[in-house]
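A.B. asks: I have a structure I would like to understand better, so I am pasting it below and will then ask my questions one at a time.
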Amino acid sequence: MEGNVWQWVEDVWHDNYDGAPEDGSAWAPGDPDYRVARGGSWRNDTSYVRAAAREKRNINVRFDTLGFRVARTLSP
């Protein structure tokens, strides 16, 4: 899915991973106006088109290269 648009994730922005949850849960404490966008878009160089690529984005600013993916967990 990378390379289509940057994808919003639930994590609040932090400059580094110090204190990040280790269980895969969202990292919620922090400034709620800034979230993480991942994955790069069609407008980026290919080095950004990967899940590890992350950007700080203000939740009130919109771009044509920023979107989201709807997902859910299926019960076994």
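Since every read-out is calculated from the coordinates, none of them should be taken as a lab result. This one's a predicted model, so the numbers in the text were calculated from it and none came from an experiment. Reconstructed Cβ throughout: ideal geometry from the backbone, glycine too, with neighbour counts over all protein chains shown.
A.B. asks: As a footprinting exposure proxy, order Val12, Val70 by other Cβ within 10 Å, with the fewest listed first.
C.D. replies: Working: Val12 17, Val70 4.
By the 10 Å Cβ count, ascending: Val70, Val12.
A.B. asks: Follow-up question, since we're still on this one. Most exposed first by the Cβ proxy, i.e. fewest other Cβ within 10 Å, how do Ser25, Ser75 rank?
C.D. replies: Exposure proxy ranking, most exposed first: Ser75, Ser25.
A.B. asks: For Tyr17, Tyr34, which order do you get if you count the other beta carbons within 10 Å of each Cβ and list the fewest first?
C.D. replies: Tyr17, Tyr34
A.B. asks: For Ala26 and Ser47 in one chain, what is 0.36 nm times their gap in residues minus the Cα-Cα distance, to one decimal in nm? Walk me through the numbers before you get to the answer.
C.D. replies: Details: separation 21, 0.36 × 21 = 7.56 nm, distance 2.49 nm.
In short, 5.1 nm is gained.
A.B. asks: Taking N as the number of residues in the chain, what is its Cα Rg relative to 2.2 N^0.38 Å?
C.D. replies: 1.14
A.B. asks: Moving to a separate point now. Tell me the relative contact order for the chain as a rounded percent, counting alpha carbon contacts under 8 Å between residues six or more apart.
C.D. replies: 39
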